[in-house]
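A.B. asks: Submitted below is the structure of interest, expressed as C-alpha coordinates.
The values are calculated or read from the model by the stated rules, or taken from the named source; none is laboratory data. As the structure is a computational prediction, the values presented were derived from the model and not from experiment. So basically every Cβ, Gly included, is an ideal-geometry build from the backbone, and we count neighbours across all protein chains shown.
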Amino acid sequence: PRWKGKAMEVGPLARVLMLYAQGHAQTKELVGMALTQLDLPVEALYSTLGRTAARTLETKLVVDAMQGWYDQLVANIKAGDVDTFNEALWEPSTWPKRCQGVGFMEAPRGGLGHWIVIENGKTANYQAVVPSTWNAGPRDGQGQAGAYEAALAGHTVVDGKQPLEVLRTIHSFDPCIACAVHVVDME
(Lines give C-alpha, C1' and ligand atoms only; values in the text may rest on other atoms or scores of the structure.)
Protein backbone atom coordinates (compact mmCIF):
# COMPACT_ATOMS: atom_id res chain seq x y z
CA PRO A 1 0.00 0.00 0.00
CA ARG A 2 0.92 3.65 -0.32
CA TRP A 3 -0.14 6.75 1.60
CA LYS A 4 -0.82 9.70 -0.69
CA GLY A 5 1.30 7.95 -3.31
CA LYS A 6 4.32 7.46 -1.03
CA ALA A 7 5.85 4.31 0.43
CA MET A 8 5.66 4.31 4.23
CA GLU A 9 7.32 2.57 7.13
CA VAL A 10 5.00 1.89 10.07
CA GLY A 11 5.78 0.84 13.62
CA PRO A 12 7.67 2.14 16.64
CA LEU A 13 10.32 4.03 14.66
CA ALA A 14 7.67 5.85 12.62
CA ARG A 15 5.74 6.77 15.78
CA VAL A 16 8.85 7.93 17.68
CA LEU A 17 10.07 10.00 14.71
CA MET A 18 6.60 11.55 14.33
CA LEU A 19 6.53 12.55 18.01
CA TYR A 20 10.13 13.80 17.80
CA ALA A 21 9.35 15.92 14.71
CA GLN A 22 6.26 17.36 16.46
CA GLY A 23 8.44 18.45 19.38
CA HIS A 24 6.93 16.08 21.96
CA ALA A 25 9.03 16.99 25.01
CA GLN A 26 9.44 13.55 26.59
CA THR A 27 10.21 11.93 23.22
CA LYS A 28 12.80 14.58 22.36
CA GLU A 29 14.40 14.08 25.78
CA LEU A 30 14.52 10.27 25.50
CA VAL A 31 15.77 10.30 21.90
CA GLY A 32 18.35 12.96 22.75
CA MET A 33 19.58 10.95 25.73
CA ALA A 34 19.91 7.76 23.66
CA LEU A 35 21.68 9.50 20.79
CA THR A 36 24.05 11.30 23.17
CA GLN A 37 24.96 8.07 24.95
CA LEU A 38 25.64 6.39 21.60
CA ASP A 39 27.32 9.49 20.11
CA LEU A 40 25.04 9.34 17.05
CA PRO A 41 23.13 11.94 15.01
CA VAL A 42 19.33 11.81 14.75
CA GLU A 43 19.70 10.43 11.19
CA ALA A 44 21.09 7.23 12.75
CA LEU A 45 17.58 6.38 13.93
CA TYR A 46 16.71 5.24 10.41
CA SER A 47 18.58 1.98 10.90
CA THR A 48 18.37 -1.45 12.47
CA LEU A 49 19.68 0.04 15.71
CA GLY A 50 17.23 2.94 15.47
CA ARG A 51 14.23 0.64 15.00
CA THR A 52 15.27 -1.44 17.99
CA ALA A 53 15.94 1.65 20.12
CA ALA A 54 12.58 3.16 19.11
CA ARG A 55 10.76 0.06 20.40
CA THR A 56 12.48 0.55 23.78
CA LEU A 57 11.93 4.32 23.88
CA GLU A 58 8.26 3.90 22.98
CA THR A 59 7.86 1.35 25.77
CA LYS A 60 9.13 3.96 28.25
CA LEU A 61 6.67 6.53 26.88
CA VAL A 62 3.75 4.11 27.22
CA VAL A 63 4.74 2.98 30.72
CA ASP A 64 4.90 6.60 31.87
CA ALA A 65 1.45 7.33 30.34
CA MET A 66 -0.16 4.27 31.93
CA GLN A 67 -0.43 5.85 35.39
CA GLY A 68 -2.58 8.64 33.95
CA TRP A 69 -4.77 6.14 32.09
CA TYR A 70 -5.17 4.08 35.24
CA ASP A 71 -6.07 7.16 37.29
CA GLN A 72 -8.73 8.09 34.70
CA LEU A 73 -10.17 4.57 34.80
CA VAL A 74 -10.39 4.59 38.59
CA ALA A 75 -11.98 8.07 38.58
CA ASN A 76 -14.59 6.91 36.04
CA ILE A 77 -15.42 3.82 38.09
CA LYS A 78 -15.71 5.88 41.30
CA ALA A 79 -18.08 8.25 39.45
CA GLY A 80 -20.25 5.28 38.46
CA ASP A 81 -19.12 5.09 34.83
CA VAL A 82 -18.50 1.38 34.30
CA ASP A 83 -19.60 1.23 30.65
CA THR A 84 -16.94 -0.19 28.39
CA PHE A 85 -18.90 -0.58 25.16
CA ASN A 86 -22.37 -0.25 23.67
CA GLU A 87 -23.91 -3.73 23.90
CA ALA A 88 -26.63 -2.87 21.38
CA LEU A 89 -24.04 -2.47 18.63
CA TRP A 90 -22.77 -6.00 19.26
CA GLU A 91 -26.17 -7.67 18.82
CA PRO A 92 -26.37 -9.01 15.23
CA SER A 93 -30.18 -9.21 15.34
CA THR A 94 -30.25 -5.38 15.47
CA TRP A 95 -28.11 -4.91 12.35
CA PRO A 96 -29.58 -3.97 8.97
CA LYS A 97 -29.56 -6.60 6.18
CA ARG A 98 -26.45 -4.96 4.74
CA CYS A 99 -23.93 -3.16 6.90
CA GLN A 100 -20.28 -2.33 6.80
CA GLY A 101 -17.60 -1.30 9.20
CA VAL A 102 -14.04 -0.12 9.32
CA GLY A 103 -11.52 0.05 12.12
CA PHE A 104 -8.05 1.54 12.34
CA MET A 105 -5.52 1.44 15.13
CA GLU A 106 -1.83 1.67 15.87
CA ALA A 107 -0.83 -1.86 16.80
CA PRO A 108 2.65 -2.50 18.27
CA ARG A 109 3.95 -3.39 14.78
CA GLY A 110 2.34 -0.32 13.17
CA GLY A 111 -0.79 0.87 11.38
CA LEU A 112 -3.57 -1.71 11.16
CA GLY A 113 -6.85 -1.45 9.24
CA HIS A 114 -9.85 -3.77 8.96
CA TRP A 115 -12.80 -3.45 6.57
CA ILE A 116 -15.92 -5.63 6.55
CA VAL A 117 -19.20 -5.86 4.65
CA ILE A 118 -21.96 -8.00 6.16
CA GLU A 119 -24.98 -9.09 4.13
CA ASN A 120 -27.84 -11.12 5.62
CA GLY A 121 -25.82 -11.81 8.75
CA LYS A 122 -22.82 -13.22 6.85
CA THR A 123 -19.47 -11.78 5.91
CA ALA A 124 -19.67 -10.73 2.26
CA ASN A 125 -16.26 -9.07 2.11
CA TYR A 126 -13.40 -8.68 4.55
CA GLN A 127 -9.99 -7.09 4.20
CA ALA A 128 -7.17 -6.35 6.59
CA VAL A 129 -4.08 -4.29 5.89
CA VAL A 130 -1.59 -5.24 8.58
CA PRO A 131 1.69 -3.52 9.50
CA SER A 132 3.80 -6.12 7.69
CA THR A 133 1.82 -5.38 4.50
CA TRP A 134 3.05 -1.78 4.69
CA ASN A 135 6.64 -2.61 5.62
CA ALA A 136 7.13 -5.65 3.36
CA GLY A 137 5.50 -4.04 0.33
CA PRO A 138 7.60 -4.29 -2.83
CA ARG A 139 8.95 -1.59 -5.11
CA ASP A 140 6.03 0.03 -6.91
CA GLY A 141 5.43 1.10 -10.51
CA GLN A 142 6.91 4.53 -9.78
CA GLY A 143 10.16 2.91 -8.62
CA GLN A 144 9.62 3.64 -4.92
CA ALA A 145 11.20 1.02 -2.70
CA GLY A 146 9.13 -0.47 0.12
CA ALA A 147 10.34 -0.09 3.71
CA TYR A 148 12.31 -3.37 3.82
CA GLU A 149 14.10 -2.65 0.55
CA ALA A 150 14.86 0.94 1.56
CA ALA A 151 16.23 -0.23 4.92
CA LEU A 152 18.51 -2.76 3.20
CA ALA A 153 19.86 -0.34 0.59
CA GLY A 154 23.59 0.13 1.00
CA HIS A 155 24.00 -2.65 3.57
CA THR A 156 27.39 -4.31 3.80
CA VAL A 157 27.07 -8.07 4.08
CA VAL A 158 30.10 -9.67 5.71
CA ASP A 159 29.31 -13.27 4.75
CA GLY A 160 27.08 -13.82 1.71
CA LYS A 161 26.38 -17.40 2.83
CA GLN A 162 25.10 -16.17 6.19
CA PRO A 163 23.74 -12.65 5.61
CA LEU A 164 23.00 -11.93 9.27
CA GLU A 165 22.90 -8.18 8.63
CA VAL A 166 19.90 -8.67 6.34
CA LEU A 167 18.16 -10.88 8.90
CA ARG A 168 18.77 -8.40 11.72
CA THR A 169 17.42 -5.51 9.67
CA ILE A 170 14.25 -7.34 8.65
CA HIS A 171 13.78 -8.58 12.23
CA SER A 172 14.03 -4.97 13.44
CA PHE A 173 10.61 -4.42 11.81
CA ASP A 174 9.16 -7.28 13.92
CA PRO A 175 7.57 -8.84 10.82
CA CYS A 176 4.56 -11.09 11.00
CA ILE A 177 5.25 -13.02 7.82
CA ALA A 178 6.53 -16.44 8.81
CA CYS A 179 3.15 -17.97 9.59
CA ALA A 180 2.24 -21.46 8.39
CA VAL A 181 -0.08 -24.34 9.10
CA HIS A 182 1.33 -27.84 8.92
CA VAL A 183 -0.82 -30.94 8.61
CA VAL A 184 0.95 -34.19 9.36
CA ASP A 185 -0.48 -37.64 8.70
CA MET A 186 1.38 -39.91 11.10
CA GLU A 187 0.29 -42.97 9.12
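A quick yes/no check of all residues on (1) touching a residue at least 12 places away in the same chain (Cβ under 8 Å); (2) assigned to a loop (DSSP other than H, G, I, E, B); (3) surrounded by 13 or more Cβ atoms within 10 Å (Cβ to Cβ); (4) touching a helix residue (DSSP H, G or I) at 6+ places or on another chain (Cβ under 9 Å):
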residue	(1), (2), (3), (4)
MET105	no, no, no, no
GLY111	yes, no, yes, yes
HIS114	yes, no, yes, no
PRO175	yes, yes, yes, yes
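A.B. asks: Going by the conditions given, is VAL10 in contact with a helix residue (DSSP H, G or I) (Cβ under 7 Å, 6 or more places away or on another chain), surrounded by 14 or more Cβ atoms within 10 Å (Cβ to Cβ), modelled with pLDDT of 95 or more and part of a loop (DSSP other than H, G, I, E, B)?
C.D. replies: Values: in contact with a helix residue (DSSP H, G or I) (Cβ under 7 Å, 6 or more places away or on another chain): yes; surrounded by 14 or more Cβ atoms within 10 Å (Cβ to Cβ): yes; modelled with pLDDT of 95 or more: yes; part of a loop (DSSP other than H, G, I, E, B): yes.
So VAL10 fits the description; yes.
A.B. asks: Please work out which residue is surrounded by the fewest Cβ atoms within 10 Å (Cβ to Cβ), limiting yourself to segment 15-55 and to residues that are β-branched (Val, Ile, Thr) and touching a helix residue (DSSP H, G or I) at 6+ places or on another chain (Cβ under 8 Å). Outline the logic, then answer.
C.D. replies: Residues of segment 15-55 that are β-branched (Val, Ile, Thr), as a first pass: 16, 27, 31, 36, 42, 48, 52.
In the following step, the residues that additionally are touching a helix residue (DSSP H, G or I) at 6+ places or on another chain (Cβ under 8 Å) were identified as 16, 27, 31, 42, 48.
Values: VAL16: 25, THR27: 22, VAL31: 21, VAL42: 14, THR48: 19.
For segment 15-55, the residue satisfying everything is VAL42.
A.B. asks: Looking at this structure, is TRP134 at negative phi and in contact with a helix residue (DSSP H, G or I) (Cβ under 9 Å, 6 or more places away or on another chain)? Step through it out loud before you land on a result.
C.D. replies: Working: at negative phi: yes; in contact with a helix residue (DSSP H, G or I) (Cβ under 9 Å, 6 or more places away or on another chain): yes.
Spelling it out, TRP134 is indeed at negative phi and in contact with a helix residue (DSSP H, G or I) (Cβ under 9 Å, 6 or more places away or on another chain).
A.B. asks: Return the residue satisfying two criteria in turn: it lies in segment 78-103 and is outside any strand (DSSP E or B) and charged (D, E, K, R), and of such residues it is farthest from GLY121 (Cα to Cα).
C.D. replies: Applying the first criterion (outside any strand (DSSP E or B)) to segment 78-103 yields 78-97.
Checking which are charged (D, E, K, R) leaves us with 78, 81, 83, 87, 91, 97.
Working: LYS78: 38, ASP81: 32, ASP83: 26, GLU87: 17, GLU91: 11, LYS97: 7 Å.
My answer is LYS78.
A.B. asks: Can you tell me how many residues within segment 43-77 are assigned to a helix (DSSP H, G or I) and within 22 Å of VAL166 (Cα to Cα)? Please lay out each step first, then the result.
C.D. replies: Going residue by residue through segment 43-77, those that are assigned to a helix (DSSP H, G or I) are 43-45, 48-77.
Retained after the next criterion (residues that are within 22 Å of VAL166 (Cα to Cα)): 43-45, 48-56.
Number satisfying all stated conditions: 12.
A.B. asks: Consider only pairs whose beta carbons are under 8 Å apart and that are at least six residues apart or on different chains; among these, list those whose first residue lies in segment 58-85 and is surrounded by fewer than 11 Cβ atoms within 10 Å (Cβ to Cβ) and whose second residue is not aromatic (Phe, Trp, Tyr).
C.D. replies: Correct list of pairs: VAL82/ASN76.
A.B. asks: Condition first: surrounded by 14 or more Cβ atoms within 10 Å (Cβ to Cβ), in a loop (DSSP other than H, G, I, E, B) and either touching a Phe, Trp or Tyr at 6+ places or on another chain (Cβ under 9 Å) or not aromatic (Phe, Trp, Tyr) (or both). Can you find one or more residues in segment 116-129 that meet it?
C.D. replies: Within segment 116-129, not a single residue is surrounded by 14 or more Cβ atoms within 10 Å (Cβ to Cβ), in a loop (DSSP other than H, G, I, E, B) and either touching a Phe, Trp or Tyr at 6+ places or on another chain (Cβ under 9 Å) or not aromatic (Phe, Trp, Tyr) (or both).
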